Amino acid sequence: MKIPWIFHQDYDIPLPKNHRFSSSKFGDLYTLLIDTELSKNAEVFIPAPAKEIQLMKVHTQEYINKIKDGNLSMKEEKVLGLPWSETLSKRSYLAVNGTYLTSDLALSHGIACHLAGGTHHAYSNYGSGFCVFNDLAYAAKNMISEGKCKKVLIIDCDVHQGDGTADICKDDKNIFTCSIHASNNFPTIKAKSDFDIALDDTISDEDYLKKIQSAINICSKEIKPDLVLYDAGVDVHKNDKLGRLDISSEYMFKRDLEVLNFFKKKNIPIATVIGGGYSNDNFELAERHSLIFYAANQVFNQKI
């Protein structure tokens, strides 16, 4: 089976030298993946920009205009963590719709993987933590409003809590948000997801995997989704510069296999996004983000 990969060449953004966010990580990941055996079992899809009527399902018109026109205040840029540019604005419209396209393709293929996404800190009226528009909430709400699915489960395994997603979706009974994150990391003040698991900094690989297994079992009983959005953040990794946790590559891969296998056995389509990951070594970071693509290929093609 050809697994859909969703990517756009304009995902990368210009950033000041030594910025904490890896501005080239999306292109780095694509370059790494396209040269592997995995690419033989993949088909690349290119997203179009989001339409404002779609964005307004999630964000306020005032905030959308600020991103479109570059009218963020200095304080708003500081909270966002990224300097505004036309490139940032353009890629934000593309990337948020990339997760929507990933979700749509997952319904027809069983699995689809976005080479970006996981911008879970964005709230309805402001951006935060390197997240401009909230792609998880955007995809879930638009898929439901367009009648493509009825119930969506969001499983967020980024090391940071998906606070923006939880807040945007808090009154939507058709979306169930689950965040499995480090308790002592950003954001300082946590939102309330439908189901939160806060992890201690000293958690072992084995206990981490048990927490994942428990979470997906509980979530699948709380909601009967016809689509799962999975944020496979790699900032739980022991080498991540913003992570605090101590999870190995081996167990991140086991985590991804666990999640994908669980929902495949239930015949529930799953759309994956790469989430957070921070390193001064661009190649090493791309390798970490590639794990979800290897896991998808193993689960859905039983190869490599």
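If Phe253 passes every condition in (1) surrounded by fewer than 19 Cβ atoms within 10 Å (Cβ to Cβ); (2) without any contact (Cβ under 8 Å) to a residue 40 or more places away in the chain; (3) not basic (Lys, Arg) but one, which one does it miss?
Condition not satisfied by Phe253: (2).
Counting just the residues of region 84-112 that are of a type in the set (Gly, Ala, Ser) and closer than 22 Å to Cys149 by Cα, which one comes out surrounded by the fewest Cβ atoms within 10 Å (Cβ to Cβ)?
Let us first name the residues in region 84-112 that are of a type in the set (Gly, Ala, Ser), namely 85, 89, 92, 95, 98, 103, 106, 108, 110, 112.
In the following step, the residues that additionally are closer than 22 Å to Cys149 by Cα were identified as 95, 98, 103, 106, 108, 110, 112.
On the way: Ala95: 30, Gly98: 29, Ser103: 30, Ala106: 27, Ser108: 9, Gly110: 19, Ala112: 25.
For region 84-112, the residue satisfying everything is Ser108.
Which numbered condition in (1) over 16 Å from the mean Cα position of the chain (by Cα); (2) farther than 16 Å from Arg288 by Cβ is the only one that Tyr11 fails?
(1)
Can you run down the residue pairs with Cβ atoms below 6 Å, 6 or more apart or on separate chains, where the first is in region 191-218 and within 28 Å of Tyr123 (Cα to Cα) and the partner is among the basic types (Lys, Arg) and in a helix (DSSP H, G or I)?
Here the result reads Ile197/Lys211; Ile212/Arg255, each pair linking region 191-218 to a residue that is among the basic types (Lys, Arg) and in a helix (DSSP H, G or I).
Give the residue that is farthest from Gly162 (Cα to Cα), with candidates limited to residues of region 109-138 that are β-branched (Val, Ile, Thr) and either in a loop (DSSP other than H, G, I, E, B) or under 12 Å from the mean Cα position of the chain (by Cα) (or both).
Here is the first cut: in region 109-138, the ones β-branched (Val, Ile, Thr) are 111, 119, 132.
Checking the rest, the ones that are also either in a loop (DSSP other than H, G, I, E, B) or under 12 Å from the mean Cα position of the chain (by Cα) (or both) come to 119, 132.
Working: Thr119: 8, Val132: 14 Å.
This residue is Val132.
Is it the case, given these coordinates, that Leu115 is in contact with a Cys (Cβ under 9 Å, 6 or more places away or on another chain) and either without any contact (Cβ under 8 Å) to a residue 60 or more places away in the chain or buried (at least 21 other Cβ atoms within 10 Å of the Cβ) (or both)? Break it down stepwise before answering.
On the way: in contact with a Cys (Cβ under 9 Å, 6 or more places away or on another chain): no; either without any contact (Cβ under 8 Å) to a residue 60 or more places away in the chain or buried (at least 21 other Cβ atoms within 10 Å of the Cβ) (or both): yes.
No: the conditions fail for Leu115.
Readers should treat all values here as calculations from the given coordinates under stated rules, not as data from a laboratory. Fair warning: this is a prediction, and the values are worked out from it, not measured in the lab. We place every Cβ from the backbone using ideal geometry, glycine too, and count neighbours over all the protein chains shown.
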